[in-house]
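The values are calculated or read from the model by the stated rules, or taken from the named source; none is laboratory data. What you are looking at is a predicted structure, and each value in this text was computed from that prediction instead of being measured. Note that we place each Cβ from the backbone using ideal geometry, even for glycine, and neighbour counts take in every protein chain shown. Accessible surface areas use protein heavy atoms only, side chains included; no ligands, DNA or RNA. Shrake-Rupley method; radii C 1.70, N 1.55, O 1.52, S 1.80 Å.
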Amino acid sequence: MPPLVEFNQVEKRYGEGPLILDRINFAAERGDFIALIGPSGCGKSTILKLIAGLSPISGGTVTVDGMIPDNAIEELAFVFQEPTLLPWLTVQKNVEVPLRLRSTRSDRRADLAAKCLQLVGLSERAHYYPRQLSGGQKMRVSIARALSLSPKILLLDEPFGALDEMTRDHLNEELLAIREQKAWTAFFVTHSVAEAVFLSNRIFVLSANPGRLHREVPVDLPYPRTEETRQSARYQSLVADVSKLLRSVERNQL
Amino acid sequence: MSKSLLSRTLPLFTGVLFIALWYLANAMLSSERKFLLPPPHLILQAFHDQGPSLWSAAMNTLRGAFLGFSLAVTGSFVVALILSLTPLVRASLYPYLMIMQMTPIIVIAPILILWAGPGLVSVTVITFLICFFPMVVNTTQGLISTDRNLVDLFRMCKATKKQEIFLLRVPAALPYFFTGLRIAATLAPIGAIVGDFYAGNSAGGQGGLGFLTIIYSSQFKMPALFATAVTSCALGFLFASAVIALSWLSMHKWHDSYSRTDS
């Protein structure tokens, strides 16, 4: 079987602007959890946009499940930096939005949305409006919305960046727990080395100006991962290694 | 005194103080100049004496204001939808909207009278012209300010253009729409009165508050003029409260401006 997502010599620039991504090559297998980490401006988020087909590539090829991204769009879901909920809709209706846009029947829509809300532990908040939720809860709704379409690939662009550390750790564990039930492949952009190591089985360290894939770090910690994982020596040495790598990448930029 | 009690009695107190100062000012005027500032009870008397004409004038003005306002709301919504389509459309239409806004009503009124004759049609058009611009500017701004990520989300879900507009852009523009609506609501009665002043129909019972102003001022009926001013205020208040109520109905459940957190 071909890789689920494949980048081959991919280049990206916006208009006549400078090169954002320079000859990116990688192949993501089914079930991979890939963390993208690197200094600001290294094009991490741009990689997600290219997979989602939200922005055209300037060179090379991107294939998603053997297709060009535009055709694979039904297999993808995006979780943004901000929860980006529709404030005028209840939690339940927000989760239903993607289903509604893809003309799912309304009874089935409600059913699927309820299941996804249960998955993120927010069934009791179904009839709340977004403004009545905490930051962490909003992010959970955003994840439930992404899951409503049962995507094969989940693209997460620093989803927990604005949350406090406790909430972030907790949501990381939840995210992995959900993945045990729904086996999607994930691309996860983050600034946090600890988060990257905890979640992923592969870390892509990128350098900036132009964005290049500097190094890939395999994370050999066994799943399921829990709070104990964070205490393990292997986890801590990986965090130290990746931090060092990231610092050296950032130093080279200066 | 508790804070809420204070905040409730204070406006009442300022009102009483204002009326007292009014009487004081009236008492200080020499007897031949007292007519310039009629005391409140004479204005109430004028309400009683001029009741029927004030009422019928207010109804005529209300009709023009409501028609012009409604046309401006619907028209501006359609125009804003068109303007929101592309920057190119905006660039090609905005200058003309600006020109329309900058032409003084006083200049337009005589042209309108020649076109449509004095009366309801001219008053409605003038109200429309005054209300239209703030509505169209605010609504367009709302329609093009949709969160970029939400637009991406809709595109990833293969939303049609129609879905993108009516499920996303229009509801997201509601707070902007209501900002425009509040401005237009306070302008509508003013527009109708100004319109009536310049292009109202003076024939039997068709005049509005603008026309009444002309009559009373030519007769030096100061208390009646003040009564007309109060009536105009009441009309403005009516429009503003209707819009505030409508805005509350459509947004209090979800919009931050209605949240009860006291920060």
Residue match in the range B:179-198 (condition: assigned to a helix (DSSP H, G or I), among the polar types (S, T, N, Q) and open to solvent by less than 20 Å² (accessible area, probe 1.4 Å)): no
Among the residues of the range B:216-259, write down those that are within 24 Å of B:Arg63 (Cβ to Cβ), in contact with a Lys or Arg (Cβ under 8 Å, 6 or more places away or on another chain) and of a type outside the set (Ser, Thr, Tyr). B:Ala240, B:Val243, B:Ile244
All but one of (1) open to solvent by 10 Å² or more (accessible area, probe 1.4 Å); (2) without any contact (Cβ under 8 Å) to a residue 60 or more places away in the chain; (3) out of contact with any helix residue (DSSP H, G or I) (no Cβ under 6 Å at 6 or more places or on another chain) hold for A:Leu175, so report the exception by its number. (1)
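Yes/no per residue for (1) open to solvent by 30 Å² or more (accessible area, probe 1.4 Å); (2) closer than 30 Å to A:Glu11 by Cα; (3) among the hydroxyl-bearing types (Ser, Thr, Tyr):
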{"site": "A:Ala72", "(1), (2), (3)": "no, yes, no"}
{"site": "A:Thr90", "(1), (2), (3)": "no, no, yes"}
{"site": "A:Leu117", "(1), (2), (3)": "no, no, no"}
{"site": "A:Val120", "(1), (2), (3)": "no, no, no"}
{"site": "A:Ser123", "(1), (2), (3)": "yes, no, yes"}
{"site": "A:Ser134", "(1), (2), (3)": "yes, no, yes"}
{"site": "A:Lys138", "(1), (2), (3)": "yes, no, no"}
Within the range A:79-101, residues being within 9 Å of another protein chain (Cβ to nearest Cβ), at negative phi and β-branched (Val, Ile, Thr) number 2
Does any residue of the range A:32-47 turn out to be in a strand (DSSP E or B), within 12 Å of another protein chain (Cβ to nearest Cβ) and not small (Gly, Ala, Ser)? no
Contacts under 6 angstrom Cβ, first residue in the range B:246-259 being more than 7 Å from chain A (Cβ to nearest Cβ) and farther than 11 Å from A:Leu89 by Cα, partner part of a helix (DSSP H, G or I) and open to solvent by less than 50 Å² (accessible area, probe 1.4 Å), 6 or more apart: B:Ser247/B:Phe178
Pairs with Cβ under 9 Å, 6+ apart, first in the range B:123-152 and within 14 Å of another protein chain (Cβ to nearest Cβ), second of a type outside the set (Lys, Arg) and open to solvent by 40 Å² or more (accessible area, probe 1.4 Å): B:Gly142/B:Leu174; B:Gly142/B:Tyr176; B:Gly142/B:Thr179; B:Ser145/B:Tyr176; B:Asp147/A:Glu82; B:Asn149/A:Gln81; B:Asn149/A:Glu82; B:Asp152/A:Leu54
Which condition number does B:Leu88 fail, the rest of (1) assigned to a helix (DSSP H, G or I); (2) free of Cβ contacts under 8 Å to residues at least 60 places away in the same chain; (3) surrounded by fewer than 21 Cβ atoms within 10 Å (Cβ to Cβ); (4) within 14 Å of chain A (Cβ to nearest Cβ) being met? (4)
Looking at the range A:214-245 only, could you name the residues that are open to solvent by less than 80 Å² (accessible area, probe 1.4 Å), touching a strand residue (DSSP E or B) at 6+ places or on another chain (Cβ under 8 Å) and more than 16 Å from A:Ile34 (Cα to Cα)? A:Leu245
Just the residues that are farther than 16 Å from B:Asn138 by Cα and of a type in the set (Ser, Thr, Tyr), please, taken from the range B:80-106. B:Thr86, B:Ser92, B:Tyr96, B:Thr103
